[in-house]
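Since the structure comes first, as structure tokens, the remarks are kept for the end.
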Amino acid sequence: MRYVSFTDEPAIAPDEFFMNEALKEARLALEKDEVPIGAVVVCGGKIIGRGHNLTEQLNDVTAHAEMQAFTAAANTLGGKYLRDCTLYVTIEPCVMCAGASYWTQISRIVYGANDLKLGFRRINQRLTHPKTEIVGGIKENECAVLVKDFFLRKRNKT
């Protein structure tokens, strides 16, 4: 697919555009000293839910970026199903978030960097809904560097 820009700005593909929005959320998490993972849910070309990690601030192991974005999107739509929506998340979802995505029946999951330790694909790719399309590697390096730098700084403080 080719994108046309009517300004001097270079055209950007929708997946990259919305991953940039997820990266903004990840940076908000970083400002709060949370693991910098961000997510947005998009439906009809519009962001209907945003989220970033809040596990430390809320003292809640379930307060992952994806869970925050799912809740916000469901509240926007007035229902729990996110059919015809796309989740953009900076890091491959964990098992919990992939399982939650199953119940939302979300159409697509687009993530930035792989999570080789805790990503759902390492455990079982079938955790997502059978109709959910999975796309990885969008702005992969930028997403990975945020998390790697965060943990490097944490290790160097101790």
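The values are calculated or read from the model by the stated rules, or taken from the named source; none is laboratory data. The structure presented is a predicted model; accordingly, all values stated were derived computationally and were not measured. Quick reminder, even Gly has a Cβ in these numbers, built from the backbone with ideal geometry, and neighbours come from all protein chains shown. Side chains included, ligands, DNA and RNA excluded: accessible areas come from the protein's heavy atoms. Shrake-Rupley method; radii C 1.70, N 1.55, O 1.52, S 1.80 Å.
Each part gets one Cα centre, and for the stretch 45-88 versus the stretch 103-131 those centres are 15 Å apart. Potential lengthening of the chain between residue 156 and residue 33 amounts to 42.8 nm, from the contour at 0.36 nm per residue minus the alpha-carbon distance. Ranked by the mean number of other Cβ atoms within 10 Å of their residues, highest first, the peptides 54-66, 122-134 fall in the order 54-66, 122-134.
Computed from the C-beta positions of residue 75 and residue 131, the FRET efficiency with R₀ = 22 Å rounds to 0.40.
Note on the chain: with charges restricted to the Cβ of Lys and Arg (+1) and Asp and Glu (-1), its dipole about the Cα centre is near 440 debye. Over the chain, the hull volume per residue, using the convex hull of the C-alpha atoms, is 127 Å³. Where the accessible area of the chain is counted over protein heavy atoms with a 1.4 Å probe, how much of it, in %, is carbon and sulfur? Reported share for carbon and sulfur atoms: 53 percent. Surface analysis of the stretch 1-111 yields an accessible area of 51 Å² per residue, using protein heavy atoms and a 1.4 Å probe. Ignoring chymotrypsin sites (Phe, Trp or Tyr not before Pro) that are buried or in helix or strand per DSSP, and keeping those with at most 13 other beta carbon atoms within 10 Å, what is the longest stretch of the chain between them? Value returned for the longest uninterrupted segment is 82-158.
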